[in-house]
Each structure stands twice: as structure tokens, then as C-alpha cells.
1. I'd like the projected area of the stretch 389-460, averaged over all directions, using the convex hull of its alpha carbons. Report it in nm² with one decimal.
2. Arrange the following residues from fewest to most other Cβ atoms within 10 Å of their Cβ: 465, 237.
3. Would you calculate the volume per residue, in Å³, of the smallest convex hull containing every Cα atom of the stretch 1-149?
4. Given 5 Å bins starting at zero, what is the percent of C-alpha pairs of the stretch 195-253 in each, up to the one with the largest pair distance?
5. Which three extents, in whole angstrom, do the alpha-carbon atoms of the stretch 135-175 cover along their principal axes, largest first?
6. Given the -39500 (n - 2.57) contribution per DSSP H run of 4+ residues, what per-residue ellipticity at 222 nm results for the chain, rounded to the nearest 500 deg cm²/dmol?
7. Normalised by the number of residues in the chain, what is the relative contact order in percent for Cα pairs under 8 Å and 6+ residues apart?
8. Could I have the simple spin-label model distance between residue 416 and residue 269, label points 7 Å from Cα toward Cβ, reported in nm to one decimal?
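Bear in mind that the values in this text are calculations on the coordinates, not laboratory data. The shown structure was predicted, so the numbers you read here are calculated from the model rather than taken from an experiment. Every residue, glycine as well, gets a Cβ built from its backbone with ideal geometry; the counts of neighbours run over all protein chains shown.
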């Protein structure tokens, strides 16, 4: 994933920018960057934050940078924000999204006169530079952003900063949020509302799908009206959104709590302790425990000072290593107990299977598992948070292929397995339970998950569960 934050202020913006970007650190572990504009022109800094915290690398910039307008980003891949110069003048740019048609867009740029792109160590180009090149094909920043929406397949949120203001663009189907905040002497733009709360800003506006605005220090102007259709990612509320953040008027913690309550209403298992896999499973578990009047407990604690979110490392080997080291058991709360464990999801099953085994090894009598979303059937095509290189890494797909006796499975067959009222679904769930050694397994239903979010299903992207685009 990744996140960004921008500030346009009547006075020095660097402190707000620093903390606003830092509050996005849970979204990307590899690169952090800030660019400000002031009397000394543009000042930029990008650091590798793979083995350190954002604030530890950027504290010096608070005193060194000067300016009243700035943007910054947290990235899980490419270095950014970038400082560009074109016939449109100098501008800074930060992006969050996924581009599926990179070869086509590179050729479009070459055909339009672009001669080269800088190549990263991986051999790939920087997507943010590609987006900047597409913007520069037009006669204004606003026209260029509309051009990006028209040609990019996937999803793309963009901040473009000039000395005149910050252009803010939400991708055309609104798969990710772009939110404006305001206080007396400044306005900000953010991915997470939690990023501005302690900085004195209040909510001003959620950009609509495809909407483009120009952010000033005390106002904003709409350059492109929002589209009607929206497909915001449901996983914001299930997993990767920060608990204190609110998108489209729906708070993450509240939605997770409600999801846990709805799961409990369909369940009748008898257990001693209800626990959530930290961090995103905790609110679901609290909702479940409150609904059932079962004891909520913490039979294991996440060691937070040094271990990052386990989905963020690039390699599966490193993800498994971190998942196995970051949870420390409280054996007095585990021994001879019947535990019900709520995690946000099961993707490959590796981490949750190992967590279950260490609970057994610590003396648990039973481990019942309740994922807070349905079985994941399709790899995400639109965002970068899903890191499976192949859909066949998904445990649900592996099980389906084994049950069907072939790897050549049609989407229609997969959708049969996605139906929680079908016999195929029940066989799939039972096979997953056996492979991961759970005492029992029951997934949240898609209709309950959608109800917990509270938006119309047609406004939510649920592709990874039901294959509906």
C-alpha cells in the first residue's frame, strides 16, 4: 500500500507535514519522503525506512526545511515524492495506487516524445515518474490529471504540488480515500483521517470518485466534479485502515466492532476466552465478546517496538518469520482453555496456522477460528496491499483445485464455492479447517460484512471475495 499527506498553510507547515506523514507509517515500510516549498524554493528529502522509523530519519528536516506548503508520502515500493520539471513548470508529485497497464503507458509516453525513464534497482520504472510524464502530456496540471484517470487501468490517487497550491485527485472509482481537513490557518489532504486529528484539523470533505480539487491555505476549488460510481475497497474497514480513521462517514473501529457482533449472532460455539489477533482482529473480537457475554482476553501480546505489520515485508519468508516472532504468549491465559480466535482474514493460512500451533504448544485445549471476512477467492487487481504473486497461493484456491481435481477452475465454479449456503462452500471450509488444524472454522458472511460497513454494496469493492468488478 502506501499513503500521503499534504499541507497548505499561512505559516510554516513542516511540523504538521512531518507528523501527518508519520501517521501513515502503518501503510508502507520501505520509503518515506517530504517536499516543501517556500522562500528557498523546493526542498526535498527521501529516506529508506525499512529498518527504522519514519520520525527517526526525518527529525532533522523539521529544523532544516522552511516553507508553508508541502506534501509527503509513505511508500512500500518506489521512492517518492518526486520533484519534476516540464513545460508545466516545476512540480512535486506523490501517488498511491496500482497501475496494471505499465507497458502500454510507457509506450504512450515514448510516442509523445518522452525519451527515457529512470530505472530502479529492480529493473522497473518508478510509477510516480510515469504518472508525472502522463500529466505533462497536457497543457495544464488539471488536464493532465484527467488524462491520467482516462488512461490508467487499476487505481491511482495523486497529489501534485506547485507554488500555487496542491492538486488532489482521487482515482476514478474511489477505490482509496482522499480526504481534506481544515483548521484556522491551514488545510490538509490525507489518506487517513487519523493523521490530522492531533494536529488540530477537522474534517472538511471526502473527495468523491474521480474528483480533482486545488487546495489553498484557507479553501479549495473543485476542478473536476466527482463521478457517480464508487467502488471503495472494503478491506479498509476489515484490515488495513487505521482504527481511528473514518472513510465515507464510517469509522473503522466501529465497523469492525459491529462485524464481530454480527458474527457472534450466527455462532453458538462454547468457549472460555474470545481473543483478537492484533491489531486488526481486536475490535472484531471485542464486538463478538460483548455480543456473546464471553470473556475477552489477550492470550498473546504483539511485540510492537520493532516488528512491523506482517503483510508489509516484500518476501513471504520474511513475512512468516515476523509473524512467528511478533506474538508472545501469556501461557497462564492459554493452558487448558478453549479459545476463540478472530483474525481479519485468512489469505495463505501460513501465519494463522502457525499462531494456532503455538497456542496448542502453550497448552490450549481448543482453538476455534473466526475470520472477519469471507474466504478470499481472487487476488486483488486494483491495490498493492495484496502481495500474493499468484492466486494459487490463496489457501481457498488451493483447496478448491484439490477438491475439483484440476487447476483449471472457471470463475463460475469459484463463485459456487463463495456461496456460504452451498455444499461446495461447506466442503471447502472444512478442508481449510483440517489443513490449518483448527478445532472449528467459520468465516464472516459477505452480507454481514457489508452491513457492518454500512454503505450500499454497489459502492464497495468486494472483488476478492465474490469476483464482482
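1. Averaging across all directions leaves 6.1 nm² for the Cα convex hull.
2. The most exposed by this proxy come first: 465, 237.
3. Hull volume over Cα atoms, normalised by residue count, gives 115 Å³.
4. 4, 14, 21, 21, 21, 15, 4
5. Per principal axis, max minus min of the Cα coordinates gives 29, 19, 9 Å.
6. So the calculated ellipticity at 222 nm is -9000 deg cm²/dmol.
7. Across the chain, relative contact order equals 12 percent.
8. That separation, rounded to one decimal, is 2.8 nm.
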